[in-house]
1. For B:HIS176, which of the numbered conditions (1) surrounded by fewer than 23 Cβ atoms within 10 Å (Cβ to Cβ); (2) over 20 Å from A:ALA195 (Cβ atoms) fails to hold?
2. Suppose we keep only residues that are within 24 Å of A:ALA286 (Cβ to Cβ) and of a type in the set (Gly, Ala, Ser) within region A:1-39. Which one would you say is least open to solvent (accessible area, probe 1.4 Å)?
3. Residues to consider are B:GLY84, B:GLY78; find the one that is at positive phi and either of a type outside the set (A, V, I, L, M) or open to solvent by 10 Å² or more (accessible area, probe 1.4 Å) (or both).
4. Only one of (1) out of contact with any helix residue (DSSP H, G or I) (no Cβ under 6 Å at 6 or more places or on another chain); (2) buried (at least 20 other Cβ atoms within 10 Å of the Cβ) fails for A:ALA317. Which number is that?
5. How many residues, within region A:133-149, are buried (at least 21 other Cβ atoms within 10 Å of the Cβ), at the interface with chain B (Cβ under 10 Å from one of its Cβ atoms) and either more than 20 Å from B:SER145 (Cβ to Cβ) or hydrophobic (A, V, I, L, M, F, W, C) (or both)?
6. When B:LEU334 is evaluated against the numbered criteria (1) assigned to a helix (DSSP H, G or I); (2) within 28 Å of B:LEU126 (Cβ to Cβ); (3) open to solvent by 20 Å² or more (accessible area, probe 1.4 Å), which criterion, by number, is the only one it fails?
7. Of the residues B:HIS248, B:HIS261, B:HIS296, which is over 18 Å from B:VAL218 (Cβ atoms), in contact (Cβ under 8 Å) with a residue 12 or more places away in the chain and not aromatic (Phe, Trp, Tyr)?
8. Could you say which residue among A:ALA199, A:ALA237 is among the aliphatic types (A, V, I, L, M), open to solvent by less than 20 Å² (accessible area, probe 1.4 Å) and over 30 Å from A:MET283 (Cβ atoms)?
Protein chains: 2
Amino acid sequence: MIIDCHGHYTTAPPQHDAWRKEQLAAFAEGRPSPAYPQISDDEIRESIEQNQLRLLRERGADMTIFSPRASVMAHHLGDERVSGEWARACNDLIARVAGLFPDTFIGVGQLPQSPGADLKASVAELERCVTELGFIGCNLNPDPSGGMWTAPPLTDRYWYPIYEKLTELDVPAMVHVSASCNPNFHATGAHYINADTTAFMQFIQGDLFSDFPDLRLVIPHGGGAVPYHWGRYRGLADMLHKPPLDGHVMQNVFFDTCVYHQPGIDLLVRVIDAGNILFGSEMVGAVRGVDPQTGHYFDDTKRYIDAADLTDAQRSAVYEGNARRVYPRLDKALRERGR
Amino acid sequence: MIIDCHGHYTTAPPQHDAWRKEQLAAFAEGRPSPAYPQISDDEIRESIEQNQLRLLRERGADMTIFSPRASVMAHHLGDERVSGEWARACNDLIARVAGLFPDTFIGVGQLPQSPGADLKASVAELERCVTELGFIGCNLNPDPSGGMWTAPPLTDRYWYPIYEKLTELDVPAMVHVSASCNPNFHATGAHYINADTTAFMQFIQGDLFSDFPDLRLVIPHGGGAVPYHWGRYRGLADMLHKPPLDGHVMQNVFFDTCVYHQPGIDLLVRVIDAGNILFGSEMVGAVRGVDPQTGHYFDDTKRYIDAADLTDAQRSAVYEGNARRVYPRLDKALRERGR
């Protein structure tokens, strides 16, 4: 089967985003948040069937590890209470999608991070997502300030409570920033890719996985700039007197395949061990158009994987095996359904 | 001939860096800067012959477009006066190297940028570098705050005075950040690569080259993450209703070959037109070790270019022709010497 590890609910019914606007307006004016609106099952069904589900079927994938829209997590807006309400609303909506389409979508949660706040609320929401909503992981924002980069590096002890909970629950996190309020950084064109690159370099500099040998982190968008500059990173690890990357970082870090052209995917599979690559499309997401050079959607990454120089066993690992290994609660859920 | 477009004077005699330390200490204590120290021609000769010149000869390149050490430009330290003194000292030293080794080194200048300051002093120093020191370009720091990213995007009118002077003098700039004082960003492992990616995305979002059709900008480190994510950038240009990248950006933007492994260079030449690629090594620079997988220095990028799938004409363009076109004052200087 083919599991897409990186899908966002970018097509949620409009009441959901409208409520967020009202919530932020209320916060700005010092009023309590409005009540969350009614959204019917039919509205959710329609928003999925016409978009993610249609595209999954057209492209031939089977299921998606599904999380709230990343660009509107916007942890830099409001405060910790506002982020908490918004995370719960987003996660509850993902749980409804997964409940309506249990064979196709399984949830990953948004955390109520907030600049300067500790991670207690995030730990609690992660626990709720996994134990109550049946989620199999979360998205962790390394820059809740939205492009100002005021949080400490991911190797700092500030982040340890969330790593402890991830380890305890045996679920991974995807390292995923949100919108940028820094005009230098276009969200999907610079901030996302920079964050991926930045996180990887932090892992080289630190020794995080000595403290958390079972922690698993997915770096999306094909690992940012890392595979293209793999020689630089191997060389920097050496200069910093760190062990080779395969032991120091790559036992715990995985890249998805959200790289929107064949040469990029070819590089990825040439450089990175197939055991560290998880199929992903970020669909419906960052780049929605059709590539005039191929006549196919840029984000139809399955085409690139199908054409890549992989053995059958490697391709199967990228499509399914690695996801089941990195997300053991997914594997368990699938086994319970005989898949 | 083989021209390396990206070399820094990372091996300057120790008095030079010692003076910088004293200058910053004096600034912190409100004292005037100390006098710049004596450095003999022999000391400069030795610092070059044992390092850059030796490696150039060993590797088979002929000359280097040479600029002050990028990581210690550190525009975020001191103030505009301090940056001005430091830029002049660094540029004068580069001019001495070029004077001692005129067949091998030609200068590119450091600008006296400073966070929040306008670009008048940078324009004046650029003019001095080109008209008095014989330099052929400059390095332009898109983030003089050193990882805080407080300056406006490169497409903002804030930057126009330097673009006007670059155009008037017919010299290019390399977009090159310096050290990072943000603990999230390792300088050579994250900040450099992120800045390259960020600058390129800014050029997509803006219309800078409509206003400056003759401006030429080199994005180093193989264009950051851009070639690896070339599909993403083509797709984002489309989503932003911009023209295709070959007309919108790539008439004016060039990438160097500071990508430290064969698969990365193979991707670069597969995706980016050979006319937009300039040979560079960043030597002696970011990554100084030997790749245990090849037995050769990571930054011996000539080996990768020699092995890349390029026609003889394309390889000649990457090694020489493009540099002479992007840096016309280099071409003129070479012609005057019959090269």
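The values are calculated or read from the model by the stated rules, or taken from the named source; none is laboratory data. Since we're looking at a predicted model, the values are computed, not measured. Virtual Cβ from ideal backbone geometry, glycine too; neighbours counted across all protein chains shown. SASA here: full protein model, heavy atoms, side chains in, ligands and nucleic acids out. Shrake-Rupley method; radii C 1.70, N 1.55, O 1.52, S 1.80 Å.
1. Of everything listed in (1) surrounded by fewer than 23 Cβ atoms within 10 Å (Cβ to Cβ); (2) over 20 Å from A:ALA195 (Cβ atoms), B:HIS176 misses just condition (1).
2. Filtering first and then ranking leaves A:GLY7.
3. Step by step, each of B:GLY84, B:GLY78 is checked, and only B:GLY78 is at positive phi and either of a type outside the set (A, V, I, L, M) or open to solvent by 10 Å² or more (accessible area, probe 1.4 Å) (or both).
4. (1)
5. Total satisfying the criteria: 1.
6. (3)
7. B:HIS261
8. Within the list A:ALA199, A:ALA237, the selection yields A:ALA237.
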